[in-house]
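Some notes on the structure that comes next.
The values are calculated or read from the model by the stated rules, or taken from the named source; none is laboratory data. Since the model is a prediction, treat every value here as computed from it, not as a measurement. In this analysis, Cβ positions are derived from the backbone assuming ideal geometry, glycine residues included, and neighbour counts consider all displayed protein chains.
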Amino acid sequence: MADLKDKVVVITGASEGIGRALALEMAPLGCHLVLCARNQERLQSLVAEIHAQGGVATAFAMDITDRLSCTDLVTLCEVELGRLDILIHNAGITMWSRFDQLADLEVMEKLIRVNYLAPVQLTKLALPALKTARGQIVVVSSLAGLTGVPERSGYCASKHAVTGFFDSLRIELAAHGVAITQIYPDFVLSEIHKRALDARGNPLGHSPMQQDKLMTAQQCAHLMVPAILARRRDLLTSTRGRLGKWLKMLWPAMLDWVAMKAITQRK
Ligand SMILES: NC(=O)c1ccc[n+]([C@@H]2O[C@H](COP(=O)([O-])OP(=O)(O)OC[C@H]3O[C@@H](n4cnc5c(N)ncnc54)[C@H](OP(=O)(O)O)[C@@H]3O)[C@@H](O)[C@H]2O)c1
């Protein structure tokens, strides 16, 4: 198990949901958390909560798609904090629309920019520091990064891209001692469902999911931390996800049916 004492850990998408819960779960482990998202106010309030509990955290307001901000983030870690040990790519957005109902490709492009190109760019900038630290990259992907899901084609595409990219990078970085852990959560109760982009690229404004049937962000973060500390290759957070992995190989049409049912039943 890795010891996080005095390590510098960056979490993107830390203002809400899984990222926020993960920050609160990791703060007692003695690391210096660098918390990123666009909403400065939410980040500051999270930092205050962590400080009140004796943890160490810095807020860094940024849009993950902005290259200059990514450069500044890495500079903060390398120059001011002296190192970067763990980079957690968590920021993400989703969609809720059939492909044939999309007005144009704007939604697809936005999903690829935020969910795929942004983590790739930040990884590129952070790589020298991560190699020096023999550190770790953690990627919050999704079960949608492993199989198709209706109403989510652009989200699935972006998460499949993430899975393929970081699985490849893991092999390239093995000799440098940099581990890559991919997390594949099932549905989690968070803001992402309300913010899902509709066919015209606007946020839905309400969650189409059965909220009371979903794992909480805290439960998800609680499962993630041991996998991160053990530098595990991957983690699927639900039994449905773990069974689905086998079903994909043995009976893929049945997995399509399970995915359709998950969306129609909204859980
Ligand atoms: N919830 C689920 O059911 C579920 C299931 C599987 C996987 N996941 C994955 O888990 C990750 C976290 O999702 P969540 O459910 O916790 O969603 P969430 O509650 O909506 O939180 C998303 C976070 O990402 C940040 N973010 C979004 N766009 C950003 C941008 N352009 N630049 C910087 N930060 C940005 C948001 O902060 P600001 O708005 O302040 O920027 C927020 O902190 C995502 O990658 C998602 O795909 C979620």
Q. Can you tell me which of L4, L35 is in contact with a helix residue (DSSP H, G or I) (Cβ under 8 Å, 6 or more places away or on another chain) and under 14 Å from I228 (Cβ atoms)?
A. L4
Q) Out of L87, L73, L117, L122, which single residue is away from the ligand (no atom under 12 Å from the Cβ), within 18 Å of the chain's Cα centre (by Cα) and surrounded by 15 or more Cβ atoms within 10 Å (Cβ to Cβ)? A) L87
Q) Which one is farthest from R67 (Cα to Cα) among residues in region 90-114 that are more than 8 Å from the ligand (Cβ to nearest atom) and among the β-branched types (V, I, T)? A) V107
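A144 - would you say it is crowded, with 21+ Cβ neighbours inside 10 Å, under 23 Å from R231 (Cα atoms) and either out of contact with any strand residue (DSSP E or B) (no Cβ under 6 Å at 6 or more places or on another chain) or not basic (K, R) (or both)?
yes
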Q: Among the helices (runs of 4 or more DSSP H) lying completely within region 65-170, list those that include at least 3 residues that are in contact with a Pro (Cβ under 8 Å, 6 or more places away or on another chain) and of a type in the set (S, T, Y).
A: none
Q | Residue selected from region 38-70 under the condition among the basic types (K, R) and within 10 Å of the ligand (Cβ to nearest atom), by the criterion farthest from the chain's Cα centre (by Cα) | A | R42
Q: Could you identify the single residue in L4, L24, L29 that is more than 8 Å from the ligand (Cβ to nearest atom), modelled with pLDDT under 95 and either surrounded by fewer than 23 Cβ atoms within 10 Å (Cβ to Cβ) or over 19 Å from V114 (Cβ atoms) (or both)?
A: L4
Q) Which members of region 189-234 meet the condition of being in a helix (DSSP H, G or I), loosely packed, with under 14 Cβ neighbours inside 10 Å and away from the ligand (no atom under 12 Å from the Cβ)? A) D212, P226
Q. Limited to region 219-267, what total is found for residues that are on the phi > 0 side of the Ramachandran plot and under 20 Å from the mean Cα position of the chain (by Cα)?
A. 1
